[in-house]
Amino acid sequence: MFKYLRGAIGLTKAQLGVGLAEPRIHQLRFHRCSTCPQIYEAPMNTPFYARFGPWACRSCGCLVKAKVRLRSERCPLGYW
């Protein structure tokens, strides 16, 4: 349950632009995630799909483009 609450808070922050990482950090994180085998294309009916795109993480369940934007977030696999 905590995982879903944390995810909802993160998506809300990303949507509102609160607590964002520097654009350079955001780009580096996304580049690293884009080469990770845990990334997959989420179904189109995923909440926030239109805003953050289709890429999700099997390890933590996040929408990658939202999570990499947030300063306080970390990769669960330790990549960033």
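Observations on the model:
- Near pairs, Cβ below 9 angstrom, 6+ apart or cross-chain, from region 55-80 (under 17 Å from residue 18 (Cβ atoms) and assigned to a loop (DSSP other than H, G, I, E, B)) to any residue that is at pLDDT below 90 and of a type outside the set (Gly, Ala, Ser): 62/11; 68/62; 69/13; 69/52; 72/13; 73/62
- Within region 27-41, if we keep just the residues that are of a type in the set (A, V, I, L, M, F, W, C), under 12 Å from the mean Cα position of the chain (by Cα) and farther than 10 Å from residue 69 by Cβ, the residue that is surrounded by the fewest Cβ atoms within 10 Å (Cβ to Cβ) turns out to be 39.
- Among the candidates 29, 58, residue that is in contact with an Asp or Glu (Cβ under 9 Å, 6 or more places away or on another chain) and of a type in the set (Lys, Arg): 29
- Residue ID - surrounded by the most Cβ atoms within 10 Å (Cβ to Cβ), chosen from residues in region 51-80 that are of a type in the set (Ser, Thr, Tyr) and closer than 20 Å to residue 5 by Cβ: 59
- Test: residue in region 41-50 that is modelled with pLDDT of 90 or more, in a loop (DSSP other than H, G, I, E, B), under 22 Å from residue 5 (Cβ atoms) and among the polar types (S, T, N, Q): no
- Test result for residue 24, under 22 Å from residue 77 (Cβ atoms), basic (Lys, Arg) and surrounded by 12 or more Cβ atoms within 10 Å (Cβ to Cβ): no
The values are calculated or read from the model by the stated rules, or taken from the named source; none is laboratory data. What you see is a predicted model, and the numbers here were worked out from it, not measured in a lab. Neighbour counts run over all protein chains shown; Cβ positions are idealised from the backbone, glycine included.
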